[in-house]
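Please read the structure below before turning to the comments.
The values are calculated or read from the model by the stated rules, or taken from the named source; none is laboratory data. This structure is a prediction, so every number in the text was calculated from the model and none was measured. For neighbour counting, all protein chains shown are included, and Cβ atoms are generated from backbone atoms with ideal geometry for every residue, glycine included.
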Amino acid sequence: MLDRAETRRGGFDRILEPASYSPTRDELQLGRDALEAVLDGFPKARVVAVGKVAERTLAALGRTPDATLRHPSMGGATEFRAGLTALAADLKRRPGRP
C-alpha cells in the first residue's frame with residue numbers, strides 16, 4: 001500500500017527507481033504462495049536462500065535452505081559473488097542432492 005507521500009508523487013518512484021529496501025509484510029505474503037507452489041512443484045530441487053529475509057521466509061514454510069548466500073545489496077556484492085562461486089564449485093563436485 002502506498003503512503004501519502006508516494007501517492008502525491010504518483011507512487012511510481014519505488015517501482016521505477018532501483019532501491020534497496022526490506023520487503024513489506026504484504027509483499028512477502030504475495031510471494032509466499034508462489035514460493036510454496038515452486039517448492040511443491042520441485043520437491044527434490046536444491047534451495048538456495050539469497051539473504052536473511054529469504055532464509056526466514058523458507059523457515060516459516062518449514063524448509064531449510066541447502067545454502068544461504070549473502071544478499072548483494074547494501075555492500076554485499078563481493079560476498080555474494082564469492083558465495084555463488086563457492087556454491088557453483090560445490091555443485092560441480094557433488095552434482096547430486098546432498
Output for the stretch 28-52, where each listed residue is under 29 Å from K92 (Cβ atoms), touching a residue at least 24 places away in the same chain (Cβ under 8 Å) and not in a loop (DSSP other than H, G, I, E, B): L35, L39, V48, V50
Residues of the stretch 57-74 satisfying the condition of being crowded, with 17+ Cβ neighbours inside 10 Å and either of a type in the set (S, T, N, Q) or in contact with an Asp or Glu (Cβ under 7 Å, 6 or more places away or on another chain) (or both): T57, T68, R70
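May I ask you to verify whether A49 is at pLDDT 95 or above and not β-branched (V, I, T)? Spell out how you get there, then give the answer.
Working: at pLDDT 95 or above: yes; not β-branched (V, I, T): yes.
So A49 passes the test.
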Complete set of residues in the stretch 53-98 that are part of a helix (DSSP H, G or I), under 13 Å from the mean Cα position of the chain (by Cα) and either more than 23 Å from L39 (Cα to Cα) or touching a residue at least 24 places away in the same chain (Cβ under 8 Å) (or both): V53, T57, F80
Scan of the stretch 23-56 for residues that are surrounded by 12 or more Cβ atoms within 10 Å (Cβ to Cβ) and within 20 Å of G96 (Cβ to Cβ), ordered by number: L39, R46, V47, V48
